[in-house]
Amino acid sequence: MITAHTLGFPRIGVQRELKRATEAYWAGTLDRQGLEQVGKTLRARHWAVQSNAGLDFIPVGDFSWYDHVLDMSTLLGVVPARFGDVTDGAVDLDTYFRMARGRAPSGADVPACEMTKWFDTNYHYIVPEFSPEQVFRLASSKLFDEVAEACALGYQAQAQVKPVLIGPLTYLWLGKIKGAQINNGEFDKLALLEKLLPVYGEILAKLAQLGVTWVQIDEPILALDLPQSWKNAFEAAYVRLQQPGLKRLLTTYFGALEDNTALACRLPVDGLHIDMVRGPEQLTAVLDQLPSYKILSVGVVDGRNIWRSDFAKALAILEQVKVRLGDRLWLASSCSLLHSPVDLAVESGLGEDIKSWLAFATQKVDEIVVLKRALNEGHAAVSAALDRNLQAHQARRASPRIHHAAVKERVAQITSDLAERHHAYLVRRIAQQQRLNLPLFPTTTIGSFPQTAQIRAARRDVKAGKISERDYIAAMHEQISYAVRKQEELDLDVLVHGEAERNDMVEYFGELLQGFVFTQNGWVQSYGSRCVKPPVIFGDVSRPASMTVDWTVYAQSLTPRPMKGMLTGPVTILQWSFVRDDQPRAQTTLQIALALRDEVCDLENAGIKIIQIDEPALREGLPLRKKHWQDYLGWAVHAFRITASGVRDDTQIHTHMCYSEFNDIIASIAALDADVITIETSRSDMELLDAFSDFSYPNEIGPGVYDIHTPRLPTTEEMVTLLEKAAIVIAPEKLWVNPDCGLKTRQWPEVETALTRMVQAAKTLRARYTDEAGNLKEAG
């Protein structure tokens, strides 16, 4: 009989219960016992959803208070010294939260650990922080407690409970060595594997003692281009990670194994999982090389998008695989369902046609079970489900809502000159300096200001019909006026309107573009308690009317200082949406770019001198394999340039990127040809600027000096220190001063304090770098 399972389930709860509970705990309005009860309730509910649907194994250990990589760090005792001495006993919950966000209900405020993107997703993980002298030890019982909790609820350890671990090689790969030695390239973190493996052995031994039969070990780095030394380490590591009575399912996802196929197939484990959604081409090679004693878990249900599975297509493949493998075939989601919303059943605002095309995590579990039953019992046993699936796919393909000839024709008429500014940056810089007359180290923010209770209430009331559109606009104007006044009081040089009218940087634009629909509860976790509700791109994209011009022009009317127009870029709108899968992503991106180009030109025509086009997802969308990079970067950069290139030389184009490693794509970032780029650098202590220095990045840069993802506020002196570091590698006349990201999630009192310090830091640097006449001092 075919076995069915998932690699993980969403943690947040269908109504984001986990978000509300953790934030209440941080605020002191919910105690530790209350928080733990919420977690226990969510775990029980999610296990029941999967078990009741008919899955054979349920994942345990996929629940996290903040991040599963951080969970692994605490399990292994990887806690940097600044968080206090935890060499004895367990890592407590508040230390865990301080590592994530710099602050918890107890313990001193400290700089949080670095955060970056989980492979090519919009999920952010907390980067493990190693030292060359790193000591690993069992320092958390969370995983084992949750296994015991599942067993106490009646799930059989031997036949139903499947603990989930990040594998040792992936865990090391995701981390960073901190310390002077590594800065000179003197230490390879792979050398820590020898000390790490015994602790993994202890973990497996404890799981065996709890009666577990199967454990899931995630090694997604097998879908990457790996150095030979890391490939060599896999076999030696897994030879040692054998525990009598305990079977190991090695899971890979987000891409095909390719040159790692033979390695993955021969590792001394009991089963292998492959992602058939992102890497369908790998199946034949895996089947040919998989030893006859191993099971193969086939991830045929997409864990990262929300479209219904195509049962006919999946079964045509699976039935052939079953002939070869028999009972050694397992069915699963392609990856963890962490990246999917929880339950489509709670959606009432979608049209019935589009709703019939979708599947959220709960429905994806059902899809896995339908496929399992079709293989085990025959198609007749699930004929009704197969028929509904076929009808939904036929209806979607035939729907007149998807295709618009005018949009396709405009894309077909794109020429190379649409992606070119009139003159090169050095010419534009002179024109922009004359028009803007900004000081050295100009200060600005990334775009958003706090979304207060009044803002959220006004948005809620206008949607519910409790206030008129006119009253809503008046309320937003009041909030914009407040933000502009505060920025002037703080003495910022380039202002923003604060984005009070925007619910989300992607959702807002999607609501005003054709080709999008929206869910009410389609939330997914981005990081910690931060959840996003991605729009759904179901059809061709166009812009019926301007989207930001009126708000920005109103804000500019309140101040003589330059006001930035704020847009989300085409690649980020694509990446942070659930994207249609019936045409190439590049085609959809070009449609979005043309719509945004019209908005950019309208902003310029309305008198806006600076326009920021945010592309934080540019690096995130990079394919995992380098051989695919050129194609992606080609169309991604092209789309940005189409968006930005319709303006005059004296209109300054900004872009923003955050929480990404830029070294490997710096040439493509330069090719965007934005006049100013702002980036995240404070958590990485300006490390990311090395890429811009080594490449001799030609345009202007704003390295973030204030980490907005933590409630801890840096001092003026800390910001000055960061800027001094930046000025070593970037010419002072090209440096801007700004936070890491938008301030939407912060509160006004902390924002005012942080920005006051930031402006003072800029003024301190101006005094150091300019003479009495205000001219830049000569170097040295």
Quick check: the angle from helix 585-605's long axis to the longest principal axis of the chain, C-alpha only, nearest 10 degrees? 20 degrees
Counting pairs of alpha carbon atoms under 8 Å apart in space and at least six apart in sequence, what relative contact order in percent does the chain give? 12 percent
Calculate how steeply helix 453-464 sits against the longest principal axis of the alpha-carbon atoms of the chain, using the helix alpha-carbon long axis, and give the answer as 0 to 90 degrees to the nearest 10. 70 degrees
Inter-part gap, Cα centre of the range 492-542 to Cα centre of the range 274-333, in whole angstrom, is 34 Å
Quick one: compute a quarter of the convex hull surface over the Cα atoms of the chain and quote it in nm². 32.4 nm²
Report the FRET efficiency, 1/(1 + (r/R0)^6), for Asp550 and Leu190, where r is their Cβ-Cβ distance and R0 is 51 Å, rounded to 0.05. 0.40
Residues in the range 77-114 that a label on Ser526 would reach, taking backbone N under 20 Å of a point 7 Å out along Cα→Cβ: 100-103, 112-114
The range 253-308 - Rg and Dmax from Cα coordinates, angstrom: 11.5, 36
Compute the relative contact order of the range 518-557 as a whole-number percentage, counting only Cα pairs closer than 8 Å that sit 6 or more residues apart in sequence. 28 percent
Computing the accessible area with a 1.4 Å probe over protein heavy atoms, can you report the carbon and sulfur percentage for the chain? 51 percent
When the Karplus curve 6.51 cos²θ - 1.76 cosθ + 1.60 is applied with θ = phi - 60°, which whole-Hz ³J(HN,Hα) does each residue of the range 188-202 get, with x for Gly and Pro? 9, 5, 4, 5, 6, 4, 4, 7, 7, 4, x, 6, 4, x, 5
Mean shadow area of the range 579-619 over all directions, Cα convex hull, nm²: 3.6 nm²
Mean residue ellipticity (222 nm) of the chain, computed from DSSP H runs ≥ 4 via -39,500 (n - 2.57), nearest 500: -13000 deg cm²/dmol
Sticking with the crude label model, points 7 Å out along Cα→Cβ, report the distance from Glu488 to His379 in nm, one decimal please. 7.1 nm
Run the Debye formula on the Cα coordinates of the range 291-340, all scatterers equal and no solvent, and tell me log10 I(q)/I(0) at q = 0.22, 0.32 1/Å. -0.82, -1.19
Using the Cβ atoms and a cut-off under 9 Å, what net charge is assigned to the surroundings of Arg561, where Lys and Arg are +1 and Asp and Glu are -1? -2
Would you check the accessible area of Leu440, probe 1.4 Å, heavy atoms only, in square angstrom rounded to 10? 40 Å²
Residues of the range 495-534 with backbone N under 16 Å of the label point set 7 Å from the Cα of Thr745 along Cα→Cβ are 503-507, 523-534
How would Glu319, Glu724 line up by accessible area, probe 1.4 Å, largest first? Glu319, Glu724
According to the square roots a ≥ b ≥ c of the eigenvalues of the Cα gyration tensor, what is the shape class of the range 489-552, taking rounded for a/c under 1.5, prolate for a/b larger than b/c otherwise, and oblate for the remainder? oblate
Going toward the positive end of the dipole of the range 327-472, with +1 on Lys and Arg Cβ and -1 on Asp and Glu Cβ, which of Gln434, Ser448, Ala345 do you reach last? Gln434
Which three extents, in angstrom, do the Cα atoms of the range 186-322 have along their principal axes, listed largest first? 48, 41, 31
Could you tell me the center-to-center distance, by alpha carbons, between the range 682-751 and the range 185-213 in angstrom? 37 Å
Roughly how many nanometres apart are two label points built 7 Å out from the Cα toward the Cβ at Arg45 and Ala345? 1.2 nm
Expressed in nm to one decimal, what extension gain is obtained for the pair Arg456 and Asp690 from 0.36 nm per residue of sequence separation less their Cα-Cα distance? 80.2 nm
Per-residue accessible area for Lys40 at 1.4 Å probe radius, Å² rounded to 10? 100 Å²
Provide the solvent-accessible area of Cys658, counting protein heavy atoms only and rolling a 1.4 Å probe, rounded to the nearest 10 Å². 10 Å²
Taking 0.36 nm per intervening residue step and subtracting the Cα-Cα distance, what contour gain separates Arg397 from Gln413 on full extension? 3.2 nm
Per the Cauchy relation, a quarter of the hull surface: what is the mean projected area of the convex hull of the alpha carbons in the range 1-133, in nm²? 10.4 nm²
Specify the inter-centroid distance of the range 1-49 and the range 414-458, based on alpha-carbon positions, in whole Å. 41 Å
What net charge do the residues around Leu596 carry, taking every other residue with its C-beta under 12 Å from that of Leu596, with Lys and Arg at +1 and Asp and Glu at -1? -2
Which distance in nm do the two modelled labels at Ala81 and Val239 give, with both placed 7 Å along the Cα-to-Cβ direction? 3.6 nm
Given an 8 Å cut-off on Cα distances and at least 6 residues of separation, report the relative contact order of the range 362-494 as a percent. 19 percent
Candidate residues Lys463, Lys564: accessible-area rank, largest first, probe 1.4 Å: Lys463, Lys564
Averaged per residue, what accessible area in Å² does the chain show with a 1.4 Å probe, protein chains only? 37 Å²
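The values are calculated or read from the model by the stated rules, or taken from the named source; none is laboratory data. Source: prediction; values computed, not measured. For neighbour counting, all protein chains shown are included, and Cβ atoms are generated from backbone atoms with ideal geometry for every residue, glycine included. Keep in mind that these areas ignore ligands, DNA and RNA; they rest on the heavy atoms of the full protein, side chains included. Shrake-Rupley method; radii C 1.70, N 1.55, O 1.52, S 1.80 Å.
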